[in-house]
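Some notes on the structure that comes next.
The values are calculated or read from the model by the stated rules, or taken from the named source; none is laboratory data. Computed from a prediction, not measured in an experiment: that's the story for all the values here. Reconstructed Cβ throughout: ideal geometry from the backbone, glycine too, with neighbour counts over all protein chains shown. With ligands, DNA and RNA removed, areas are computed over all heavy atoms of the protein, side chains included. Shrake-Rupley method; radii C 1.70, N 1.55, O 1.52, S 1.80 Å.
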Amino acid sequence: MPGFNFEDIDSQISRDFDSAQDAQALESLRVKYLGRRGILAELTSRIPDLPDEQRPLFGQEVNRIKRKVSELLEEKKKALGDMSAYPEAVKRQAREIDVTLPGITQELGHRHIITQVIEEICNVFVRLGFAIVEGPEIETEYNNFTALNIPLEHPSRDVFDTFYLSAGPRAEASKSKLLLRSHTSPVQIRAMKSRKPPLAIVVPGRVYRPDAVDASHSFMFHQIEGFMVDYDITFSDLKGILEFFAKSVFGGNIKMRFRPHFFPFTEPSAEVDISCIICKGKGCSVCGQKGWLEILGSGMIHPNVFRHVGYDTTKYTGFAFGMGVERLPMLRYGIDDIRLFYGSDLRFLRQF
Ligand SMILES: [Zn+2]
């Protein structure tokens with residue numbers, strides 16, 4: 001064949017493989033010889049043009065060279081070992097360990113600010129002998145509304161104020177529509193049905209409302225519910241417990257006030273304010289110049305609620321209260337956007 005000689009290829013192969021010192025060089029050789037446009041492909045493509053009598057010998061030579069290259073590739077790969085896969089800088093680093101370099105530290109996570117606040121609030125009540133109870137976030141319409149004395153025509157039962165779940169086998173079985181609980185109060189019903197007084201329980205958890213999301217609203221937020229049931233529980237017990245709670249969390253110097261209010265599940269009911277922790281009661285933008293901040297709703301448990309759980313209303317009385325969790329860290333740390341809590345932005349979360 002003109003301009004072509006198998007011996008030349010043999011010696012070229014030997015030179016090439018002798019000088020290959022790393023995996024990258026080996027790969028280039030593989031492409032050079034065995035690649036789709038490599039030397040061997042090129043040789044193979046010439047076979048059809050050869051005279052008949054030359055073809056067998058030429059074919060044998062091509063196969064021999066192919067085997068030779070494959071074997072050399074395998075041998076050389078083994079000889080270079082795993083280290084060859086790494087760049088020179090890494091190999092050098094592995095050989096010379098610099099003990100003065102800082103180590104690789106494992107980054108520790110921590111509890112979310114909302115979890116921390118929930119634990120802080122619950123711990124105040126645990127110190128007073130309350131038990132912590134949790135309930136499901138998917139509730140029956142009965143537990144979420146009816147048993148809490150919230151009548152059918154109450155606006156909170158409207159589909160615009162509650163996430164109803166489509167009817168399915170579970171809804172059929174429960175004989176009540178299912179929904180995402182709009183407050184933690186249905187756990188009152190569950191706890192009272194499954195236990196007997198005396199009861200002192202706090203219930204932390206997520207609640208859901210179809211509110212348009214903005215800086216102060218979210219379709220999901222956290223509440224803590226508390227209630228106590230026994231003989232002779234009075235409004236003064238409620239006031240004493242809530243004052244202990246507010247002073248533990250907001251500081252001993254705050255003032256507290258109860259404003260009459262209406263809730264279907266308590267009677268009488270009151271909203272509870274504390275003196276503004278920002279302006280100390282003088283009036284500022286956070287408290288709307290009022291000097292007071294609303295922190296929770298409360299009242300004496302309505303006898304109709306006791307009837308729904310089968311408690312004797314002539315024997316037992318009790319109080320209940322409920323508060324939003326997000327408000328506390330928002331006030332305490334001056335956080336002006338509720339969405340920050342759920343945004344998973346580490347720059348925000350690492351501050352707490
Ligand atoms: Zn203020």
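Give region 288-304 a look and list any residue that's within 16 Å of the ligand (Cβ to nearest atom) and open to solvent by 10 Å² or more (accessible area, probe 1.4 Å), or say none. Gly288, Gln289, Lys290, Trp292, Glu294, Ile295 - these are the residues of region 288-304 that are within 16 Å of the ligand (Cβ to nearest atom) and open to solvent by 10 Å² or more (accessible area, probe 1.4 Å). Hey, among the residues in region 259-276 that are more than 16 Å from the ligand (Cβ to nearest atom) and charged (D, E, K, R), which one's farthest from Thr313 (Cα to Cα)? My answer is Arg259.
For the condition touching a strand residue (DSSP E or B) at 6+ places or on another chain (Cβ under 7 Å) and either modelled with pLDDT of 95 or more or under 30 Å from Val213 (Cα atoms) (or both), what is the one hit in Ile335, Ile301?
On the way: Ile335 fails: touching a strand residue (DSSP E or B) at 6+ places or on another chain (Cβ under 7 Å).
Answer to the selection: Ile301.
In this structure, Met256 qualifies as crowded, with 17+ Cβ neighbours inside 10 Å, at negative phi and within 16 Å of the ligand (Cβ to nearest atom). Considering Gly251, Gly322, the condition of being within 32 Å of the chain's Cα centre (by Cα) and closer than 20 Å to Leu199 by Cβ is satisfied by Gly322 alone.
Please verify whether Ile118 is surrounded by 14 or more Cβ atoms within 10 Å (Cβ to Cβ), touching an Asp or Glu at 6+ places or on another chain (Cβ under 8 Å) and over 30 Å from Asp8 (Cβ atoms), treating the condition exactly as stated. No, not satisfied.
When residues in region 127-145 are screened for being in contact with a strand residue (DSSP E or B) (Cβ under 7 Å, 6 or more places away or on another chain) and within 15 Å of Ile189 (Cα to Cα), 10 of them pass.
Only one of the numbered conditions (1) charged (D, E, K, R); (2) within 16 Å of the ligand (Cβ to nearest atom); (3) without any contact (Cβ under 8 Å) to a residue 60 or more places away in the chain is violated by Arg307, and that is (2). Just one of (1) open to solvent by 20 Å² or more (accessible area, probe 1.4 Å); (2) in contact with a His (Cβ under 8 Å, 6 or more places away or on another chain); (3) within 15 Å of Phe130 (Cα to Cα) fails for Pro198. It is (2). Being open to solvent by less than 40 Å² (accessible area, probe 1.4 Å) and under 30 Å from Val249 (Cα atoms) is the requirement here; does Phe145 meet it? No, not satisfied.
When region 294-328 is examined, which residues are found to be within 13 Å of Val229 (Cβ to Cβ) and acidic (Asp, Glu)? Across region 294-328, the qualifying residue is only Asp312.
Can you tell me which of Gly205, Gly129 is open to solvent by 20 Å² or more (accessible area, probe 1.4 Å), touching a residue at least 60 places away in the same chain (Cβ under 8 Å) and not acidic (Asp, Glu)? Reasoning before the result, please.
Numbers: Gly205 fails: open to solvent by 20 Å² or more (accessible area, probe 1.4 Å).
Testing whether each residue is open to solvent by 20 Å² or more (accessible area, probe 1.4 Å), touching a residue at least 60 places away in the same chain (Cβ under 8 Å) and not acidic (Asp, Glu) leaves just Gly129.
For region 327-342, the criterion of being assigned to a loop (DSSP other than H, G, I, E, B) and of a type in the set (A, V, I, L, M, F, W, C) is met by at least one residue.
Residue by residue, here is whether (1) surrounded by fewer than 16 Cβ atoms within 10 Å (Cβ to Cβ); (2) within 21 Å of Ile118 (Cα to Cα); (3) modelled with pLDDT of 95 or more holds:
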| position | (1), (2), (3) |
| --- | --- |
| Ile241 | no, yes, yes |
| Phe245 | no, yes, yes |
| Gly251 | yes, yes, no |
| Pro260 | yes, no, yes |
| Thr266 | no, no, yes |
